[in-house]
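The values are calculated or read from the model by the stated rules, or taken from the named source; none is laboratory data. Please read these numbers as outputs of a predicted model, since none were measured by experiment. Backbone-built Cβ (ideal geometry, glycine too); neighbour counts: all protein chains shown. Heavy atoms of the whole protein, side chains included, go into the accessibility calculation; ligands, DNA and RNA do not. Shrake-Rupley method; radii C 1.70, N 1.55, O 1.52, S 1.80 Å.
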Amino acid sequence: RKLDEAAATMHRTIDAVELTRGGGGLNLAFAAGRELREWRQEPWVQDVNDRLLALMAAI
């Protein structure tokens with residue numbers, strides 16, 4: 001329930017996955033993204049989802 005910390009952690013996670021392109025990291029990032037569904041209308045969650053989708057498009 002610490003939303004600011006969750007957003008910062010998700011962005012750091014996506015940064016790491018972008019650098020490594022590791023399949024395990026990608027799975028974990030998307031699993032964590034699914035946990036944010038409850039707050040999907042929040043702008044920061046939409047930003048995280050946009051980054052996850054962009055990551056998938058780049059692979």
Accessible surface, the chain, averaged per residue in Å² (probe 1.4 Å):
71
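Can you send over the carbon and sulfur percentage of the accessible area for the chain, probe radius 1.4 Å, protein chains only?
In the chain, the share of accessible area belonging to carbon and sulfur is 54 percent.
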Quote the relative contact order of the chain in percent (integer), defining contacts as alpha-carbon pairs under 8 Å separated by 6+ residues.
39
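Show that you can apply the helix-only estimate: for the chain, add -39,500 (n - 2.57) for every DSSP H stretch of four or more residues, divide by all residues, and state [θ] at 222 nm to the nearest 500.
-25500 deg cm²/dmol
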Rounded to the nearest 10 Å², the accessible area of W39 at probe 1.4 Å
50
Relative to the longest principal axis of the C-alpha atoms of the chain, give the angle of the C-alpha long axis of helix 3-20, reported between 0 and 90° and rounded to the nearest 10°.
10
Any idea how far apart I59 and L3 come out in nm if each label point goes 7 Å out from Cα toward Cβ?
2.8
By how many degrees, between 0 and 90 and to the nearest 10, does the Cα long axis of helix 43-58 differ from the longest principal axis of the chain?
10
Using a 1.4 angstrom probe and counting only protein chains, how large is the accessible area of E18 in Å², to 10?
80
With the crude spin-label approximation of a point 7 Å out along Cα→Cβ, what separation in nm comes out for D50 versus A32?
2.0
